Amino acid sequence: VADGVGAGTRGAEASRLAMEAVTHYVSDCMRCYYAAGSADDREFFAALQDAAQQCHAELLRRGEEDADYRGMATTLTLYLGHWPRAYLLQVGDSRCYLLRGDELTQLTRDQTMAQELVDLGVMTQADAANTRLAYTLSSSIGGSQTAPAVTRFDLTWDTVVLLCSDGLTRHVSDERIRDRLRAMTSSTQVCDDLVADALE
């Protein structure tokens, strides 16, 4: 998931470039896949972080070459399953949720100014949600700062993973997301239902 930041074509172009760049990098980097099968996956973590840094550098370069694209940025949340593990690369506030049984867990941490203040103890989560800072990124691909986070987790047969932008989470509660995922009959159906919830 890449959710572009910026008016007009800049946000759309940023998200398109990020998706192309990270997909190309990971696809060409076979050492990532081999490292994932080993007990020590530090090399894989580093490769994913490097993929995000390369995307970031590419967006900055495009902005320097063409003033129309200066300041474009995007979030990036990438899931890679390599049974029985999965890896998550995240920059920005697009989220990854994990449903196991009845429990929905947000695996990602929103990289926003509001979350930074919550982490410092300056604001409560409830207060932060009602401020503009909740939608101000502290880290992005192409922005003033990027801080890619990589997470590893184990998969089970009952694992359901959802990647989404804040276009969903701004409007639909975690409880509603959990209920939709629990009742799903297919990935297409549940995505359609969640989009309908957000539009409503």
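The values are calculated or read from the model by the stated rules, or taken from the named source; none is laboratory data. Please read all numbers here as calculations on a predicted model, not as lab measurements. Every residue, glycine as well, gets a Cβ built from its backbone with ideal geometry; the counts of neighbours run over all protein chains shown. Protein only, heavy atoms only, side chains kept; ligands, DNA and RNA dropped before computing areas. Shrake-Rupley method; radii C 1.70, N 1.55, O 1.52, S 1.80 Å.
Details
- Residues being hydroxyl-bearing (S, T, Y), more than 20 Å from D3 (Cβ to Cβ) and either modelled with pLDDT of 95 or more or surrounded by 14 or more Cβ atoms within 10 Å (Cβ to Cβ) (or both) - total across segment 156-184: 1
- Residue check for T156: among the hydroxyl-bearing types (S, T, Y), outside any helix (DSSP H, G or I) and touching a Ser or Thr at 6+ places or on another chain (Cβ under 6 Å): no
- R62 open to solvent by 60 Å² or more (accessible area, probe 1.4 Å), within 22 Å of T169 (Cα to Cα) and among the basic types (K, R): no
- Answer residue from segment 143-153, given it is under 12 Å from the mean Cα position of the chain (by Cα) and in a strand (DSSP E or B) and is surrounded by the fewest Cβ atoms within 10 Å (Cβ to Cβ) among those: T151
- Flag set for A57, criterion: surrounded by fewer than 20 Cβ atoms within 10 Å (Cβ to Cβ), at pLDDT 90 or above and either under 11 Å from the mean Cα position of the chain (by Cα) or not basic (K, R) (or both).
- Looking only at segment 72-129, and only at residues there that are within 14 Å of the chain's Cα centre (by Cα), among the charged types (D, E, K, R) and under 19 Å from E175 (Cβ atoms), the one that is least open to solvent (accessible area, probe 1.4 Å): D110
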